[in-house]
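What follows is one structure encoded as structure tokens, with my remarks underneath.
Bear in mind these aren't lab numbers, they're just calculated from the coordinates by the rules spelled out. Not measured: the values here are computed from a predicted model. Cβ: placed from backbone, ideal geometry, glycine included. Neighbour counts: every protein chain shown.
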Amino acid sequence: MKEKQFPRTKMQWLWDNMEGMRLIYAIAILGTIGYNVLQLTVPYFSQQIVDLFLTGEDAAYNMANHKDLFYQLIIAMIGFTLVRTIMVYLTCMGYEHVSQKVLYRVRNKLFDKIEHQDMKFYNTYRTGDLMTRVTGDLDAVRHMIAWVIRMIIESFALMGATAVYFLYMNWKLALCLLAIAPFIFLVIRLFRNRVAPMHARLREKLADMNTAAQENISGNRVVKAFAREEYEMERFDACNTDYAKTNKQTAFTWLRYFPVIEICANLLPVVLLLVGGIFLINDELTMGEYVAFSGLTWALANPMRQLGNIMNEFQRFSAASTKVMELYYSEPEIKTGDDAIDHEQRFNGKVEFRNVSFQYDDGILPVLRDISFTVLPGETVAIMGETGCGKTSLIQLIPRFYEPTEGTVLVDDMDIRRLKLEQLRRNIGLATQDVLLYSDTIDGNIAYGDSHLSQKEVERFAKFSAASEFIDRMPEGYDTIVGERGVGLSGGQKQRISLARALAVKPAILILDDTTSAVDMETEKQIQQSLRELDFPCTKIIIAQRISTTKNADRILVLQDGRIIESGNHEQLIQKHGYYYELVKLQTGEEV
């Protein structure tokens with residue numbers, strides 16, 4: 001699979017998001033190099049002690065006459081060890097500080113991107129996948145900054161410093177030991193080529209599992225209603241098994257290469273023993289130098305062992321960061337234009353469709369065809385039609401949830417594409433049949449569009465939507481916490497709270513998409529009366545199937561196959577003996 005292209009490479013993207021913390025990170029990198037160079041001090045001082053005070057020709061004389069130098073070397077070993085320990089602690093704190101700051105910044109950025117996306121984005125991405133991106137994938141990014149980069153620098157700094165020191169002491173023995181390194185790098189390269197696609201697949205399996213869990217939890221009522229708990233358990237178990245299997249395959253890939261790397265790393269002491277022993281016998285190496293070589297063999301072996309883990313974690317970061325950056329650099333197709341009109345004042349509420357046609361990107365046939373009509377300020381227009389005729393698609397064009405394929409939608413004689421999105425949507429109140437309520441109080445849900453609403457105003461709008469009667473009967477009234485998505489309320493109760501929420505922003509344009517479908521006839525009559533007596537000017541566009549809802553509208557539009565086939569008020573449409581006439585007969589059971 002071809003990797004997605006972004007404006008910046010992954011490492012450049014990380015550096016961009018370290019803005020304000022780059023100096024700390026640079027100091028941490030220098031500190032990492034520094035404390036790894038200091039790893040050489042103990043072997044160096046050990047070499048000096050052995051050659052000067054234990055095995056050298058003048059060892060006895062030096063011990064008798066230069067004890068102060070002996071103690072100085074011991075103190076220096078302890079001192080440099082303490083300094084190195086402090087540097088390790090401070091650099092680790094620096095890496096962690098920067099990684100947490102970047103995590104915080106990028107997570108906010110991703111949430112901001114998600115919030116400002118258009119409907120096409122939400123139709124494309126699954127909730128579980130998005131949650132994986134802002135949690136697990138971002139943790140892999142944080143791990144890259146806090147651990148992987150540090151270990152890469154640490155490994156190469158330690159190997160580099162050790163190699164230089166070995167070459168300084170005895171270049172022949174050094175080359176014999178370093179000759180093993182190319183084999184290690186070859187194995188790591190082969191491992192990278194195998195494990196990279198596996199991490200990408202593993203990340204997709206995790207997203208699938210999270211999506212399955214999220215959808216099941218959100219739809220728990222449906223699961224219980226159909227007694228499908230066992231089925232859902234089996235479905236989740238299949239996703240979990242798939243993820244576990246892929247996880248094992250990824251882990252076992254490293255385990256297949258690990259023995260080769262381990263053998264190469266363990267060859268170092270053997271080479272030192274054989275070649276170093278020969279050099280000692282031939283007086284080409286002092287005992288102190290041999291001790292130094294022996295004491296630093298781990299400084300070559302450990303990074304060699306570590307490189308496999310580093311590459312494994314780097315590939316995990318690579319797969320995760322691709323998903324994060326895809327979201328990070330995403331842009332909504334529908335957004336405020338650079339030449340947008342600044343319209344701060346409240347809209348009058350005039351809505352006009354001029355030869356509007358619309359088709360979804362994944363659709364073959366148009367949903368709307370050559371729609372034209374005008375709604376004057378303060379008018380009430382009802383839209384009717386059979387299921388799938390394009391009613392909901394039509395009203396979603398007004399707040400620019402989607403763009404028309406052809407034609408123009410105007411509000412107050414201004415093309416909505418020339419208006420600022422926030423100003424346009426602030427003047428529109430929307431209530432739909434499928435209601436989403438937040439895990440908040442009823443008061444908080446009604447005042448969602450305007451958090452500065454007083455309690456008195458919240459109660460007023462609840463009366464408009466006929467919600468006050470059932471709210472007052474609740475033990476905690478407006479302070480009642482509704483469950484996730486309003487799980488503790490009936491469909492009609494949720495619809496009335498949704499209507500109150502739409503009214504609470506005092507919109508210039510009120511759009512109701514079958515909002516009273518779940519309420520009884522008496523409550524609907526009360527709501528219709530309230531809507532006619534609103535104490536603020538408001539244009540109403542109502543999708544409904546009940547004649548009781550539409551008959552008092554100033555105009556009724558009947559849609560069929562994406563076209564307006566009838567237009568007029570209740571009496572005019574009855575006289576046409578068309579779709580509306582047949583619907584009235586069907587609902588009333590009488591000839592009209």
>> Going by amide H atoms built from the backbone, whose H comes under 5 Å of the H on Tyr360, apart from near neighbours?
In response: Val367
>> Which residue, Leu272, Tyr104, Ala181, has the largest displacement toward the positive end of the dipole of the chain when charges sit on each Cβ (Lys, Arg +1; Asp, Glu -1)?
In response: Leu272
> Which lysines, on any chain, are close to Lys540 with Cα under 19 Å apart, when same-chain ones fewer than 8 places away are left out?
Replying inline: Lys350, Lys391, Lys463, Lys506, Lys525, Lys551
> Dipole magnitude of the chain about its Cα centre, charges +1 at Lys/Arg Cβ and -1 at Asp/Glu Cβ only, in debye to the nearest 20?
Replying inline: 960
> When only alpha-carbon atoms count, how far does region 6-75 stretch along each of its three principal axes, as whole angstroms with the largest first?
Replying inline: 68, 20, 9
> For the Cα atoms of the chain, what angle does the longest principal axis make with the long axis of helix 287-328, in degrees from 0 to 90, nearest 10?
Replying inline: 10
>> Order 537-547, 26-36, 57-67 from most to least packed using the mean count of other Cβ atoms within 10 Å.
In response: 537-547, 26-36, 57-67
> Which is farthest toward the positive dipole end of the chain among Ile114, Pro404, Thr322, measuring Cα position about the Cα centre, with Cβ charges +1 (Lys, Arg) and -1 (Asp, Glu)?
Replying inline: Thr322
> Which lysines, on any chain, are close to Lys248 with Cα under 29 Å apart, when same-chain ones fewer than 8 places away are left out?
Replying inline: Lys2, Lys4, Lys10, Lys205, Lys323
> Taking the Cα centre of region 300-377 as origin and charging only Cβ (+1 Lys, Arg; -1 Asp, Glu), how large is the dipole, in debye to the nearest 20?
Replying inline: 360
>> Above 23 Å lies some portion of the pair distances; for region 95-203, what is it as a whole percent of all C-alpha pairs?
In response: 55
> Amide H to amide H under 5 Å from Thr380: which residues, 5+ apart in sequence or cross-chain, H placed 1.01 Å off N in plane?
Replying inline: Lys540, Asp554, Arg555
> If you plug each phi of region 188-193 into the Karplus form 6.51 cos²θ - 1.76 cosθ + 1.60 with θ = phi - 60°, what whole-Hz ³J(HN,Hα) values come out, in order, with x for Gly and Pro?
Replying inline: 4, 5, 4, 4, 4, 5
> What shape does region 377-418 take by its C-alpha gyration tensor, where a ≥ b ≥ c are the square roots of the eigenvalues and a/c under 1.5 counts as rounded, a/b above b/c as prolate, and the rest as oblate?
Replying inline: oblate
>> Around Leu534, under 11 Å between beta carbons, what's the net of Lys plus Arg minus Asp minus Glu among the other residues?
In response: +2
> How large is ³J(HN,Hα) for each residue in region 236-242, as worked out from phi by the Karplus curve 6.51 cos²θ - 1.76 cosθ + 1.60 (θ = phi - 60°), to whole Hz, x for Gly and Pro?
Replying inline: 5, 4, 5, 5, 5, 5, 4
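Rounding to the nearest 20 debye, state how big the charge dipole of region 1-128 is about its Cα centre with +1 on each Lys and Arg Cβ and -1 on each Asp and Glu Cβ.
Numbers: 14 positive and 11 negative charges, 219 e Å.
The calculation lands at about 1060 debye.
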> How large is ³J(HN,Hα) for each residue in region 444-458, as worked out from phi by the Karplus curve 6.51 cos²θ - 1.76 cosθ + 1.60 (θ = phi - 60°), to whole Hz, x for Gly and Pro?
Replying inline: x, 5, 5, 8, 4, x, 8, 5, 8, 5, 7, 4, 5, 5, 4
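Ranked highest first by average number of other Cβ atoms within 10 Å, how do 327-339, 431-443 line up?
Averaged packing, sorted descending, gives the order 431-443, 327-339.
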> Is the shape of region 409-559 rounded, prolate or oblate, going by the alpha carbon gyration tensor and its root eigenvalues a ≥ b ≥ c, with a/c under 1.5 for rounded and a/b larger than b/c for prolate?
Replying inline: oblate
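Pull out a ≥ b ≥ c, the square roots of the eigenvalues of the alpha-carbon gyration tensor of region 523-587, then state rounded if a/c is under 1.5, prolate if not and a/b is larger than b/c, and oblate in the remaining case.
It comes out prolate by the Cα gyration axes.
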>> Going by average Cβ density within 10 Å per residue, which order do the peptides 561-570, 508-517 take, highest to lowest?
In response: 508-517, 561-570
> Counting alpha carbon pairs within less than 8 Å and at least 6 residues apart, what relative contact order, in whole percent, applies to the chain?
Replying inline: 14
> According to the Cα gyration tensor, what semi-axes, each the square root of 5 times an eigenvalue, does the equivalent ellipsoid of region 335-403 have, listed from largest to smallest in whole Å?
Replying inline: 24, 18, 10
> Helix 67-115 sits at what angle to the longest principal axis of the chain, using alpha carbons and giving 0 to 90 degrees rounded to 10?
Replying inline: 10
> What are the extents of the Cα atoms of the chain along their three principal axes, listed from largest to smallest and rounded to whole Å?
Replying inline: 124, 51, 46
>> Using only alpha-carbon positions, what ratio does the radius of gyration of region 201-293 give when scaled by 2.2 N^0.38 Å?
In response: 2.27
> For the Cα atoms of the chain, what angle does the longest principal axis make with the long axis of helix 491-503, in degrees from 0 to 90, nearest 10?
Replying inline: 90
